[in-house]
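Peer 1: Structure provided below as C-alpha cells; questions to follow.
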Amino acid sequence: MSSDTPMSDSLRWELLRNHNSFLLKRGGVTFSRDPLNVTKSHSFKSSGLANSKVVAVQQQGDKIALRRKQRAQQRRPRKNATRHLLKRHRANRTCKAAAAIKTESGRSFYRRDLTQDAVARYHALHKASRRPKEVAPKRPRRRKE
Amino acid sequence: MAAARPLVTVHNHTDGSSESQVAMPEVFLAPIRPDVINFVHTNMAKNKRQAYSVKVHNGPSGIVAGHQHSAHSWGTGRAVSRIPRVSGGGTHRAGQGAFGNMCRSGRMFAPTKIWRKWHRKINTNQRRYATTSALAASALPSLVMARGHRISNVPEIPLVVGGEVESIKKTKDAVEALMAVGAYTDVAKSASTKKVRAGKGKMRNRRHVMRRGPLVVYEKDDGIVRAFRNLPGVELCQVSRLNLLQLAPGSHMGRFIVWTKPAFESLNDIYGTSRKMSVAKKDYRLPRCPMTNTDLVRIINSDEVQSKLRPMQKQTRTYRHKKNPLKNLGVMIKLNPYALTMRRQELLQQEIKKKQREEIEQKQDELDNA
C-alpha cells in the first residue's frame, strides 16, 4: 500500500468544484475570484487552486505581473508563487509583454493552452490601467437641517 | 513499496527560519471525504444544543401556554364559529376564541417539547474517519486557501513551529511568533471581519461574528493557551482532543492549522500509521484510500487505456437546414441515386407526350380549318 496520498489535479478539482471561497454564483452566472485563475471562469482548466501548473496575470500596484506555480514547491505557498513583472509593453514594434507571456507559459510545455487567455488578460489590464481613473467628485458631508 | 516519506520543516518561532525536519505523519495521507465530514459535522453540531420549548405549566407534560382556560365550543346555532370560546363573563376575554393556533392568545401549532431529540449519536469510527479526513485536507494548501484562509505568505503547509511556542506567556510574543511564521495575515483577516450579527442573535448574547483564523494545536499547555486565546479568530486545541467542529468549521474542510513540534510528532501515536495501529485510540487504524491513482488525465492518456480504445468516430454530417427531398432534387438524389434517372425518364416521357399531343392538335386544327 502506497503511503503517498493519491492527490492529483483532478481530485483537487472534484473537492473544490462545488464550493470554495472564490466561487461566485450570481444572477445565473458562475465565475471564480481565484487570483491564480486567468479567465476567472469556474472550470478545471483555468482553476488556479486545482492545478499544479498555473499561469496567471495579475495587477501589482501599477504594474502587471505574470504568475506561475512552481511544480516542485506544492506544499510551500511562499516559494510556490513566482512573479514576473511585465515592465515593457512595447519595443521594436512588438508587444514585449505578450512575447514574455508566450515564452513563460509555453516553455517546456508549461501551460500552452492558457497562453492566449493570459495575453488577452494582459491587454485588458493594460488598457484599463491606461484609462484615466474616474474620480467621483467629492461631496462634503452636509449637516441635515 | 512506500516512497520516502515527505519531510516537513519545523520553523523557529522567533525568526521563522527552519530548525529541523520531521517526517509527515500518515494522518495527512488519509482519504479526503467531504461527504463524511459533512454528515459527521451536521450531527456533531447538534450536540451542544440546549433544550427550548413553549412555556408549560405544572411540569413538562403539563398545561401548555395558551391552554390555561376552561374554554368550550358553543356549538352550532349561535351565529358564531365553532372554535372553543373562553367561559365566564364580565370581561372582554369572555367569549373570545381560545385554544387554536389561529386564535389570539391561543397556543401555537405543535407546541415545541423538550423531549425533542436534541443530540445525535455518531459511530466512533465515522467520527474518526471525519477527523482524519479533515486533517488530511488541512495539509493541502489549495483546500486551505479555498476555505478562505490567507496563507500565501506561509512558508509551508502543514505549518509546524518549534516546541518553545508552548511556553510563550505573553500575547505580544504570540503575535510576533505568528508574524515570523507568516500566519498573522490570517489573524488580521479575522480581526477585520468582526461585525455585528445580522438577525435576532445580536440581542441574544451572540452580538458579534467574525471569520475563523488559524487553529493552534499544541501538546502541553505551558502558557500557550493564555497567550494565544485573545487573538481574534485564533483557536487552540490540544492534540489528543482534536475537534471536527474546529477542523472543518461549517463542515468546510481545510482549516489553517499551526502545529507545535511535539503535537505534530505525537500524531503518529494518536492516529497510527498504515503499518501500526493507533496507540491512543483503541482498535483504531487509519482509513485506506479507495483509489490509489486519482490522476484522471494521466489514466485517460495512459497506454493501457488508449490501446484499448476504438478509433474515434468521425462525426456524421448533420443537416444544416433540412431540405425536403420531394421538392429538392439534389437532396432526393443523395437519398436515392436512382431518382435522377427516374426524373430524367419522366421528363423524356413528358416531352414525348407533349409532342404527341401537339401532333394530334395540329391534325385537329387542319381538319377544323379545312
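Peer 1: List pairs: first in segment B:157-168 and within 14 Å of chain A (Cβ to nearest Cβ), second part of a helix (DSSP H, G or I), Cβ under 6 Å, 6+ apart or cross-chain?
Peer 2: Listed by first residue and then by second, the contacts come to B:Ile157/B:Pro141; B:Val160/B:Lys261; B:Val160/B:Phe264.
Peer 1: Restricting attention to segment B:6-43, and to residues there that are among the acidic types (Asp, Glu) and closer than 28 Å to A:Arg17 by Cβ, which single residue is farthest from the chain's Cα centre (by Cα)?
Peer 2: So the first thing to find is which residues in segment B:6-43 are among the acidic types (Asp, Glu), and the list is B:15, B:19, B:26, B:35.
This time we only want the ones that are closer than 28 Å to A:Arg17 by Cβ, so: B:26, B:35.
On the way: B:Glu26: 25, B:Asp35: 8 Å.
Step by step, filter segment B:6-43, then rank; the result is B:Glu26.
Peer 1: Let me ask something else. Could you list, in sequence order, the residues of segment A:27-56 that are within 8 Å of the chain's Cα centre (by Cα), of a type in the set (S, T, N, Q) and over 14 Å from A:Ser105 (Cα atoms)?
Peer 2: Result: A:Thr39, single match.
Peer 1: What number of residues within segment B:300-330 satisfy the criterion of being in contact with a helix residue (DSSP H, G or I) (Cβ under 9 Å, 6 or more places away or on another chain) and within 30 Å of A:Ser8 (Cβ to Cβ)?
Peer 2: Here the count works out to 3.
Peer 1: Applying the selection to segment B:21-36, what residues are in contact (Cβ under 8 Å) with a residue 24 or more places away in the chain and either among the small types (Gly, Ala, Ser) or within 11 Å of chain A (Cβ to nearest Cβ) (or both)? Talk me through it step by step, then tell me what you get.
Peer 2: Initial filter on segment B:21-36 (in contact (Cβ under 8 Å) with a residue 24 or more places away in the chain): B:22, B:24-34, B:36.
Scanning segment B:21-36 gives B:Met24, B:Pro25, B:Glu26, B:Val27, B:Phe28, B:Leu29, B:Ala30, B:Pro31, B:Ile32, B:Arg33, B:Pro34.
Peer 1: Please state which one of A:Ser10, A:Ser43, A:Ser21 is within 10 Å of chain B (Cβ to nearest Cβ), assigned to a loop (DSSP other than H, G, I, E, B) and polar (S, T, N, Q).
Peer 2: Values: A:Ser10 fails: assigned to a loop (DSSP other than H, G, I, E, B); A:Ser43 fails: within 10 Å of chain B (Cβ to nearest Cβ).
Going through A:Ser10, A:Ser43, A:Ser21 in turn, just one is within 10 Å of chain B (Cβ to nearest Cβ), assigned to a loop (DSSP other than H, G, I, E, B) and polar (S, T, N, Q): A:Ser21.
Peer 1: Looking at A:Val135, A:Val119, A:Val38, which is the one that is exposed (fewer than 12 other Cβ atoms within 10 Å of the Cβ) and either without any contact (Cβ under 8 Å) to a residue 60 or more places away in the chain or in a loop (DSSP other than H, G, I, E, B) (or both)?
Peer 2: On the way: A:Val119 fails: exposed (fewer than 12 other Cβ atoms within 10 Å of the Cβ); A:Val38 fails: exposed (fewer than 12 other Cβ atoms within 10 Å of the Cβ).
From the options A:Val135, A:Val119, A:Val38, the qualifying one is A:Val135.
Peer 1: Check every one of the helices (runs of 4 or more DSSP H) wholly within segment B:265-370 and list those with 3 or more residues that are surrounded by 13 or more Cβ atoms within 10 Å (Cβ to Cβ). Let's see the steps before the verdict.
Peer 2: Working: elements: B:296-301, B:303-306, B:329-335, B:338-369.
Output list reads B:296-301, B:329-335, B:338-369.
Peer 1: In segment B:7-37, how many residues are of a type in the set (A, V, I, L, M, F, W, C), in a strand (DSSP E or B) and touching a Pro at 6+ places or on another chain (Cβ under 8 Å)?
Peer 2: To start, the set of residues in segment B:7-37 that are of a type in the set (A, V, I, L, M, F, W, C) comprises B:7-8, B:10, B:22-24, B:27-30, B:32, B:36-37.
Pick out the ones that are also in a strand (DSSP E or B) and you get B:7-8, B:10, B:22-23.
This time we only want the ones that are touching a Pro at 6+ places or on another chain (Cβ under 8 Å), so: B:8, B:23.
Total satisfying the criteria: 2.
Peer 1: Failed condition for B:Leu231, given (1) within 14 Å of chain A (Cβ to nearest Cβ); (2) in a loop (DSSP other than H, G, I, E, B); (3) under 23 Å from A:Ser21 (Cβ atoms), with all others met?
Peer 2: Tallying (1) within 14 Å of chain A (Cβ to nearest Cβ); (2) in a loop (DSSP other than H, G, I, E, B); (3) under 23 Å from A:Ser21 (Cβ atoms), B:Leu231 fails exactly one: (1).
Peer 1: Looking at A:Ala56, A:Ala72, A:Ala50, which one is of a type outside the set (S, T, N, Q) and surrounded by fewer than 20 Cβ atoms within 10 Å (Cβ to Cβ)?
Peer 2: On inspection, the qualifying residue turns out to be A:Ala72.
Peer 1: Mind telling me which of the residues A:Val38, A:Val54 ends up being aliphatic (A, V, I, L, M) and away from chain B (no Cβ under 14 Å)?
Peer 2: Working: A:Val54 fails: away from chain B (no Cβ under 14 Å).
The match here is A:Val38.
Peer 1: Among the listed residues B:Ala65, B:Ala98, B:Ala94, identify the single one that is farther than 30 Å from B:Ile257 by Cβ and buried (at least 17 other Cβ atoms within 10 Å of the Cβ). Spell out the reasoning first.
Peer 2: Numbers: B:Ala65 fails: buried (at least 17 other Cβ atoms within 10 Å of the Cβ); B:Ala94 fails: buried (at least 17 other Cβ atoms within 10 Å of the Cβ).
Only one candidate qualifies: B:Ala98.
Peer 1: Sticking with this one: Inside segment B:38-90, can you point out the residues that are hydroxyl-bearing (Ser, Thr, Tyr) and not in a loop (DSSP other than H, G, I, E, B)? Show your work before the answer.
Peer 2: First, the residues of segment B:38-90 that are hydroxyl-bearing (Ser, Thr, Tyr): B:42, B:52-53, B:61, B:70, B:73, B:76, B:81, B:87.
B:Thr42, B:Ser73 - these are the residues of segment B:38-90 that are hydroxyl-bearing (Ser, Thr, Tyr) and not in a loop (DSSP other than H, G, I, E, B).
Peer 1: Give me the residue from segment A:86-113 that is at pLDDT 85 or above and within 14 Å of chain B (Cβ to nearest Cβ) and, out of that set, surrounded by the most Cβ atoms within 10 Å (Cβ to Cβ).
Peer 2: Among those that are at pLDDT 85 or above and within 14 Å of chain B (Cβ to nearest Cβ), it is A:Arg111.
Peer 1: What number of residues within segment B:251-288 are free of Cβ contacts under 8 Å to residues at least 12 places away in the same chain and away from every other protein chain (no Cβ under 13 Å)? Let's see the steps before the verdict.
Peer 2: Taking segment B:251-288 first, the residues free of Cβ contacts under 8 Å to residues at least 12 places away in the same chain are B:269, B:275-279, B:282-283.
Remaining after also requiring away from every other protein chain (no Cβ under 13 Å): B:269, B:277-279, B:282-283.
Summing the residues that are free of Cβ contacts under 8 Å to residues at least 12 places away in the same chain and away from every other protein chain (no Cβ under 13 Å) in segment B:251-288 gives 6.
Peer 1: Scan segment A:57-85 residue by residue and report those that are without any contact (Cβ under 8 Å) to a residue 40 or more places away in the chain, assigned to a loop (DSSP other than H, G, I, E, B) and more than 11 Å from chain B (Cβ to nearest Cβ).
Peer 2: A:Gly61, A:Gln70
The values are calculated or read from the model by the stated rules, or taken from the named source; none is laboratory data. Remember, predicted model here, so these are calculated numbers, not experimental data. Note that each Cβ is placed from the backbone with ideal geometry, even for glycine, and that neighbours are counted across all protein chains shown.
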